[in-house]
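Let me begin by presenting the structure, written as structure tokens, before commenting on it.
Just so it is clear, none of the values below were taken in a lab; they were calculated from the coordinates. Everything quoted here is computed from the prediction, not taken from an experiment. Cβ sites come from the backbone with ideal geometry, for glycine too, and all protein chains shown count toward neighbours.
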Amino acid sequence: MSAADPASRGKNNAERGEQLLQNLRDYADAAFALIWQRQAIFLAAALLTAFYFDPIKAVLFYVVIILCEIQDLWIAKRVAVLSPDDKAGIRQCLFSVLFNTILSSGAISAYVISVAAMQETGGHFTPLFFLFAAALFAAMNNHQIVWALAVRLAIYGLSFLYITVQDILMVRPDLSSELWLQFFTVVFVMYFLIDCSVVFLRLYRRNLAQLQELKAEHERTKAALVVKSQFVSIVSHELRTPLTSIKGSLELINSGQLGEIPPRLMPLIAMASKNSQRLAHLIDDLLDLQKIEAGEMKFKRERVNIQGLVADAIAANEGLARKYNVTLGLGAMAETPLFVLADEARLMQVLSNIISNAAKFSFEGGDVVVGCSLEGGKVRIFVRDHGVGIPEGSRDKVFDRFTQLDSSDQRRAGGTGLGMNISREIVEQLSGRIDYESEVGVGTTFFVEFPVARPAPSLPGYEAANVTSKPRVASGA
């Protein structure tokens, strides 16, 4: 127990130090935010009293107040660079705030009392109102540091009492006199100001407590995300090792090197091969997602020939298109070679995701075309289909994680809903844009855009094939 007490006290001291620093920072923020509002109030009071009372005292008052304001701003700048570990600096700034509070509130009170002394007994509306305004301003805006607020209100309260009690002592009226009414009114006003101060202080502390809770929840959420990311990474890597062995064994069986496959086993082996491939894609998507969240996905930026990339993407996905009984062809292509600065492998991954979706959600026997164009100084790569289209308001579902459009075709195709989200992350990391255009009953065109890059002198030109765009077929996202 004794060993834990020092540690507990040290933790409590650290928390109090952080809270005090937060109070000082909030005080400094208010000092900067309200500087012109305060100057307008002080200048108005000085001009008013200079005209009706003593201009010399008004100028002297305003000069002293300006010096206090400069000191306040200097303290605020010091607070802005403090760290929670700088205990001495925090204490020094706190003492400076209290000292400057005494100076400024003392200067205001002294000036108000001097104005009251130039008036007749009982006729102190102007100085008393100045005190009320100063105290109310403090109650509303100086509640960050309780001691500073208490000192300021105490000085103003004593000034209130001095002005009213002095009149009573000089005249010694009976209880029905207006001087006693003025005194009791001042007492009521002081109670009102204290009550306002307590209300604003409670609101400030409540907001501060809520902010601390939000910060704590944010830290817990960050910790949970780290654990989740680590879990996904570990599980994905652990699954990939046995899955690689399973896929290798199935490929060996399908190759016939282990003998002829009995007809009864062929459907089971084909199903196992199909599902192992789906599982491999899922693991790859999860690993990419984990890399994106952790900021570990690396990109190799180089000049990429877009016409060549489109041709390679079509060739790489022809097998997938045949699987879904869809014809994958080359659409309209720019006549001049187009180049962008991008990661060719990642860009190929994006195109494969888009083509895969188009093939999966096309009608059997349909066509999907892939092409590129130059539009407004940007290179656009598109994948076009013709079908029912995507309903309006579905963009979030298309690009969010683990979401799919709510249609029977989507449910039939299955999937995790990660492909388009990962594609968007990759494109945005490469300073590009991915989007789609769709009209219900007409079709959908997904596209990615990148700023055009000049071809390197050493790169050979690419003569695009003059291929007519094939009819568009139905596709979903």
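One table, with the values for the structure above:
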| item | result |
| --- | --- |
| Selection from ALA272, GLY256, LEU374 lying farthest towards where the dipole of the chain points positive, charges on Cβ | GLY256 |
| Cα-centre dipole for the stretch 4-172 with unit charges at Cβ (Lys and Arg positive, Asp and Glu negative), debye to 20 | 200 |
| Cα lying deepest toward the dipole's positive end in the chain, options TYR156, PHE399, THR241, charges on Cβ | THR241 |
| Estimated vicinal HN-Hα couplings, Hz - the stretch 431-437 in sequence order (Karplus 6.51, -1.76, 1.60; Gly, Pro = x) | 6, x, 9, 10, 6, 8, 10 |
| The chain: angle of helix 35-52 to the longest principal axis, Cα-based, in degrees nearest 10 | 20 |
| From phi via Karplus (6.51, -1.76, 1.60), per-residue ³J(HN,Hα) for the stretch 101-112 in Hz, x at Gly/Pro | 5, 4, 5, 5, 5, x, 5, 5, 5, 4, 5, 4 |
| Inter-part distance where the stretch 218-239 and the stretch 40-109 are each reduced to a Cα centre, Å | 52 |
| Overall form of the stretch 302-451 per C-alpha gyration tensor (a/c, 1.5; a/b vs b/c) | prolate |
| Footprinting exposure proxy for LYS228, LYS298 (fewest neighbouring C-beta atoms within 10 Å first) | LYS298, LYS228 |
| Total charge dipole magnitude, the chain, about the Cα centre, Cβ charges on Lys, Arg, Asp, Glu only, Debye to nearest 20 | 800 |
| Nonlocal amide H pairs with GLY443, under 5 Å, H built at 1.01 Å | GLY387, GLY389 |
| Residue exposure sequence - ILE145, ILE269 - by fewest surrounding Cβ within 10 Å | ILE269, ILE145 |
| Degrees separating the helix 55-80 axis from the principal Cα axis of the chain, which is the longest one | 30 |
| ³J(HN,Hα) computed for each position of the stretch 254-271 - Karplus, 6.51 cos²θ - 1.76 cosθ + 1.60, integer Hz, glycine/proline x | 5, 6, x, 5, 9, x, 6, 7, x, x, 5, 8, 4, x, 5, 5, 5, 5 |
| From the C-alpha gyration tensor of the chain, square roots of 5λ in Å | 77, 28, 21 |
| Given charges at beta-carbon only (K, R positive; D, E negative), |dipole| of the stretch 102-254 in Debye | 780 |
| Of LYS228/LYS323; LYS215/LYS300; LYS222/LYS298, those spanning more than 27 Å from alpha-carbon to alpha-carbon | LYS228/LYS323; LYS215/LYS300 |
| Selected from MET297, PHE447, VAL383, residue furthest toward positive end of dipole (the chain; charges at beta carbon) | MET297 |
| Around ILE90: net Lys/Arg minus Asp/Glu count, Cβ-Cβ under 14 Å | 0 |
| Counted charge near ILE283, where neighbours are those whose Cβ lies closer than 12 Å (Asp, Glu -1; Lys, Arg +1) | -1 |
| Cα long-axis angle, helix 146-171 against the chain (0 to 90 degrees, to the nearest 10) | 30 |
